[in-house]
Structures are given as C-alpha cells and as structure tokens.
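K.L.:
Starting off with a structure, shown below.
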Amino acid sequence: MAIRLADYEKDTKLDGDYAEQLAAVQARLEQIQVAHIVHKRRAIIMFEGWDAAGKGGTIQRLTSGWDPRYFEVWPIKAPTPPELARHFLWRFWTKLPPDGHINVFDRSWYGRVLVERVEGFASEKEWRRAYDEINEFEAQQKDSGTPVIKIFLHTTQEEQDKRLKARLEHPWKRWKLAADDFRNRDKREHYLTAMEDMFDRTDTRWAPWKVIDADHKKYARIAALTHIADVLEKAVPMKPPAADPEVVKLAKQHFDIDLED
C-alpha cells in the first residue's frame, strides 16, 4: 500500500498517561539492549522527518536508559570533502554497528534522494540510481543479521512553523536553526514530491518505513519507541544465555548460590 503523508495528518493525540507509557516502553528497551549485548546481535535505527519534527527528543528518550558503551548516535550532516570524494554510502558503512551494538542515525543515507535531490547537490542520474543502491545496502544489512528500522516523523506545515518560531524565541534553542531550515521550508512542495518517490521506491519488505503523525510530540515518541521495541524484540532472543561454567562454580564456592537451579 502506497505511503502518502497526507494520511498522517490526523492530529493524533496520546491516549492515556504519558509518563507511565514512557517508563514502560523505556524499561522494555533497556532489556532489549541487554539482549543485544549478551547475544552479540546488532541493529540499526534510522530517523528521518521534517526539521523540528522531534527526532532529537525521540532519540534522547530512546537511549536514556541504555548502556552508552553499546550504542552510538550518529547525527548526519552535510558530507565532508573526503566523504564527497567517495561513493555516497561510504560514510555510512564506517558507522555501522559491531556485534552487541545498536546504532541510531539522526538523518541518513536518504539525504541523497531528499536534500541532495531537491537542492541540486546530486545529479538526476545520481539520485535516481540511489534508490537501488539504498535498497541493496539495506538488504545487505538485513541479510547479515542487522535489522534496519526506518522511522519518519511527519508534521504539518502549521505545526512545523509553530516549533520553528518557538526555537527562534528561545535564546538557548536558536542554535538549532540555520539558514538551510528556512530554505527547506520554502521548498516544502518539492520535498513532498521527493518524499513520496522515496517511500514508493524504498518501502521494502526487508526494510519497511514506519511513518508517524508527529504533530503531538508525546504521541509520536510513544509510537516510535513502541514500534522500535516491537521490531527489536522479534530480532533477538529475549532469554538470557546460560552462565559461564566458571562463574557457576565460583558463585557456588563464594556465595553458595546454585546458578544451575
């Protein structure tokens, strides 16, 4: 079924207590991270969406209870000169997670078919070719045991404007804004066209998109975190592995605890 962003403009609000639901899903996510660590599994979580759609706040709540030694958050910005001198996916290969890690991308390789397409940083031949390159890249991750979870946070123009204005009016949040944010806003229709093409060409069975109505931040956070937890739980054994035989022996010797019971 085709993804159309207009279908995610229903002013969806959270039903129930936000603090309780957030605590519950974060507890699930903490256990899920431990399962990835002990079973040496890896995963990729990727966020796309409009400026001020809530990506950073959602990532903050996603990782708040995680062991920082076993995850990495990659904020993706414009490529550097050394990165521009290579294939556009090269800089993402260098950021993939090792065993036992979950890596989170705040924006991603989809910049090639979004901002680089709309702003003319990539030729039409390059961004059209990128759909197949991206699908193959994500299939390679899935086939090697690394699920790719793709979240898109969608806000209406009205809600985005309200958040951008709030940032402008807050002295300690103005740093989040740049001239590019205003240029992107002026090209919303061009971005909508690029996004629809992106969904049509890259919503695959091995790496499907999850679009979330993000006009209400609390709803969007719970929806995103719940989806991530659901997918990750299916990708990793949620039973602890057997204890090391040497640890079993020492536990009995020092504390009279029988770990084999």
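K.L.:
Would you say Gln60 is polar (S, T, N, Q), surrounded by fewer than 15 Cβ atoms within 10 Å (Cβ to Cβ) and within 17 Å of the chain's Cα centre (by Cα)?
P.N.:
Against the criterion (polar (S, T, N, Q), surrounded by fewer than 15 Cβ atoms within 10 Å (Cβ to Cβ) and within 17 Å of the chain's Cα centre (by Cα)), Gln60 qualifies.
K.L.:
Checking the condition in a helix (DSSP H, G or I) and among the β-branched types (Val, Ile, Thr), which residue from Thr226, Thr204 passes?
P.N.:
Criteria check complete, one pass: Thr226.
A quick yes/no check of all residues on (1) exposed (fewer than 14 other Cβ atoms within 10 Å of the Cβ); (2) not hydrophobic (A, V, I, L, M, F, W, C):
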position	(1), (2)
Ala2	yes, no
Gly16	yes, yes
Gly54	no, yes
Pro75	yes, yes
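K.L.:
In addition: Out of the stretch 18-52, which residues are polar (S, T, N, Q) and open to solvent by less than 70 Å² (accessible area, probe 1.4 Å)? Outline the logic, then answer.
P.N.:
Of the residues in the stretch 18-52, the ones polar (S, T, N, Q) are 21, 26, 31, 33.
Residues satisfying the conditions are Gln21, Gln26, Gln33.
K.L.:
Can you tell me which residues in the stretch 96-117 are open to solvent by less than 30 Å² (accessible area, probe 1.4 Å) and either touching a Leu at 6+ places or on another chain (Cβ under 6 Å) or on the phi < 0 side of the Ramachandran plot (or both)? Lay out the reasoning, then the answer.
P.N.:
Initial filter on the stretch 96-117 (open to solvent by less than 30 Å² (accessible area, probe 1.4 Å)): 97, 100, 102-105, 108-111, 113-114, 116.
Residues satisfying the conditions are Pro97, Ile102, Asn103, Val104, Phe105, Ser108, Trp109, Tyr110, Gly111, Val113, Leu114, Glu116.
K.L.:
Now for a separate question. In the stretch 82-95, which residue that is open to solvent by 40 Å² or more (accessible area, probe 1.4 Å) and part of a loop (DSSP other than H, G, I, E, B) is nearest to Trp66 (Cα to Cα)?
P.N.:
Here the residue is Thr94.
K.L.:
Name the residue, out of Ile212, Ile257, that is in contact (Cβ under 8 Å) with a residue 60 or more places away in the chain, outside any helix (DSSP H, G or I) and either open to solvent by 80 Å² or more (accessible area, probe 1.4 Å) or not charged (D, E, K, R) (or both).
P.N.:
Ile212
K.L.:
Since Phe182 meets every condition but one in (1) among the aromatic types (Phe, Trp, Tyr); (2) touching a residue at least 24 places away in the same chain (Cβ under 8 Å); (3) under 15 Å from Asp51 (Cβ atoms), which condition does it not meet?
P.N.:
Unmet for Phe182, out of (1) among the aromatic types (Phe, Trp, Tyr); (2) touching a residue at least 24 places away in the same chain (Cβ under 8 Å); (3) under 15 Å from Asp51 (Cβ atoms): (2).
K.L.:
Does Lys150 satisfy the criteria of being open to solvent by less than 10 Å² (accessible area, probe 1.4 Å), of a type in the set (D, E, K, R) and not in a helix (DSSP H, G or I)?
P.N.:
It is true that Lys150 is open to solvent by less than 10 Å² (accessible area, probe 1.4 Å), of a type in the set (D, E, K, R) and not in a helix (DSSP H, G or I).
The values are calculated or read from the model by the stated rules, or taken from the named source; none is laboratory data. Note that the structure is a prediction, hence the values are computed from the model and not measured. Ideal geometry is used to build each Cβ from the backbone, glycine not excepted, and the neighbour counts take in all protein chains shown. Side chains are part of the model used for accessible areas, which takes the heavy atoms of the whole protein and leaves out ligands, DNA and RNA. Shrake-Rupley method; radii C 1.70, N 1.55, O 1.52, S 1.80 Å.
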